[in-house]
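Worksheet: the structure to be examined is printed underneath.
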Amino acid sequence: MFLLFLSFFKFHLSFAPYTSLRNKKEIIQEAIHMKRKEFLKTLMVITLTSSLLVGSVGSATVFAADNTTQSTTQTDTPPTPPDGQTPPDGQTPPDGQTPPDKPDGQGGGPGQNSTTVEANGATELTKSTKVSGKTYKSTTADQNALLVKGDISTTLSNIKVTKSGDSEGGDSNNFYGTNSGILAKDKAVVNISDANIKTTANGANGTFSYGGNGAQNSAAGDGTTINISDSTITTTGDQAGGIMTAGGGTTNATNVTIKTSGRSSAAIRSDRGGGTVNVNGGSYTTSGVGSPAIYSTAKTTVKNATLTSTTSEGVVIEGMNSVVLENTNLTAENTKLNGNATEYNTVMLYQSMSGDAANGTSLFTANGGSITSKKGNVFYVTNTSAQISLRNVAIKNEDSSNVLLKVAEGGWGKSGSNGGNVTFSAAKQQLNGNIIVDSSSTLNLLLSDGSTYEGAINTDGTAGSVYVEVPEGCTWKLTGDSYISSLSCVDGSINLNGYTLTVGSTTYTSGSSTGKAVNNIAANVLTKDASVKPTGTNVSSVANTSSKKVTVKWTKDASADGYQIRYTTKENGKTVIKTKTITSKNTVKTTLSGLTKGNTYSVSIRSYKTVKGKKVYSSYSTTKKVKIRK
């Protein structure tokens, strides 16, 4: 009886999440997500059952002090402290919203084991070859028109690919590439040129690069790469992106024209396990609901391209991932909302809590080019920390509400703590529009290199903590009464323009004696407020590079003065926690030495800024682990 029950338990655990998450991915992928009621019901049954079988385990937490290189020990063996494991401020989602994270913070839910899904192709290439002028076709559900696998290099030129046959595979389509037009996996390198790829089925991405790692986010792949150039990709089904990357795969696209029309079908798309996506030139257009031009759970860079979304957001970044636009023109029309969405947005940075993207800082960078926002907010951040960096970008906001940035609670995370923590940096940049920061959120607005801002902040009154920095050569011209927490400026850099500016508990008005001059505020009466935390950063890599040493790399936090690295291990049944402080915000790499061979270390990082002699810290990032083999 027990064996029969256990067999049912294992079957239910492996099967039920797939049936529920298929619907989840249909909605949350490419921007918007529905609550996981059916998944929760299954999860509660599994959790209660497994508790009866295996019991429960308690835990404890130790935090290192804020000095340079300090050790702490204890007699029990707690998990790594959870700072920064969930956005913002370490909060977890309420019951009934998402599958629980794994103990290491890397997320839960199904789809993490690449051995659970077997791909098959109407045509399969397993040896290095060169092909020209051939047609690949599949009309069978869950079958690729062309499957390229193994440690091989294949060149395909002037080919035609057609794929039909709707799939209900859900995660197998989104995470592993079944039913795609072309799927590359198992270390394959596929070079494609002058191709015409068309899919008309649900779950049929144009190309799919699967890197073999079904883990949650940004883990190293096996080298699988698709290089595609001078080609056309058209998809019409739901969950059918143009170029798709997951599991640590790599996609390089040059001068490709992509058009998608289905729901949840981003032109440039990625999913669980992330990877690297590089795009240079071309046109990428979407017209489906929940289908931005870019949906990134990866490291995505787009240069010299045109991005257009006629129905949805332009760019969506989920969790600890990034998008960089260089000399690229982005247009979003935002005509329909989807799922949990309550806002129309052109660029959205968020954490869905689905388990597909690790918690951490979302990064959006644009250099040159343009952003045209037809409807809603130009930028929107919710349930995550984020860094937005702009340099010489032409921004055109055609919405009558004229909101440049909104940082606020949305449809994801735990109410009361699911706002955003944002550093918004502008260099050689003209900014126009209002900024809204709610009581669950924070903002550091940093102008530099002659940037100007014309707009109002929190016109309805004090809400979230806002710090504004307007150095020499930069200006802020108010277009409405504004309320912020703290300000750093030079005399003459703030033009009140007939409105009032409230900084903390002090209100400044045009012509007042405290303004030092009509419509201006003097720098000597306004200083940084210690309540404004730096945004935070992420560990990008850890590697055992030499004997008993580890090289740690991370992302620069423009709002910080420095960083503190925390690394923990277990020795003789005890947990040892050490920290190392980096005093320059421009340093993004260091070496940890004196480590114990054979031990596994968990490494995380937080940033700090010094305010009135006191260090103000962000939350710790998600941890990365490394075993000392040298």
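Inter-label distance, Lys336 to Thr129: 4.1 nm, where each label sits 7 Å from its Cα along the C-beta direction.
How do Glu318, Glu168 rank when sorted from fewest to most other Cβ atoms within 10 Å of their own Cβ?
Glu168, Glu318
A Förster radius of 41 Å, combined with the Cβ-Cβ distance separating Ser415 from Glu326, puts the computed FRET efficiency at roughly 0.65. A Cα-only calculation for the stretch 539-627 places Rg and Dmax at 13.4, 43 Å. Extension gain, Thr462-Ser593: 0.36 nm per intervening residue step, less the Cα-Cα distance, totals 42.5 nm.
Could you please rank Glu313, Glu343, Glu333, placing first whichever residue has the fewest other Cβ atoms within 10 Å of its Cβ?
Fewest-to-most Cβ neighbours within 10 Å comes out as Glu343, Glu333, Glu313.
Near the amide H of Asp481, within less than 5 Å, lie the amide hydrogens of Thr500, all on another chain or at least 5 residues away, with H placed in the peptide plane.
Ranked by Cβ crowding within 10 angstrom, fewest neighbours first, how are Ser510, Ser270, Ser618, Ser439 ordered?
The order, fewest Cβ neighbours first, is Ser439, Ser510, Ser618, Ser270.
For Ser451, the residues 5 or more places off, or on other chains, whose built amide H falls under 5 Å of its own are Lys428, Gln429. With Cα atoms defining each centre, the stretch 269-335 and the stretch 359-385 are spaced 11 Å apart in the structure.
Between Asp151 and Thr507, the FRET efficiency from the beta-carbon distance, with R0 = 60 Å, is close to 0.35. Highest mean packing comes first when the peptides 285-297, 183-195 are listed by Cβ atoms within 10 Å, giving 285-297, 183-195. Residues in the stretch 144-157 carry Karplus couplings, in order, of 7, 5, 9, 10, 10, 9, x, 7, 9, 10, 10, 10, 10, 10 Hz; the curve used is 6.51 cos²θ - 1.76 cosθ + 1.60 with θ = phi - 60°, and Gly or Pro positions show x.
Since every read-out is calculated from the coordinates, none of them should be taken as a lab result. Note that the structure is a prediction, hence the values are computed from the model and not measured. FYI the Cβ positions are ideal-geometry reconstructions off the backbone, even for glycines, and counts take in every protein chain you see.
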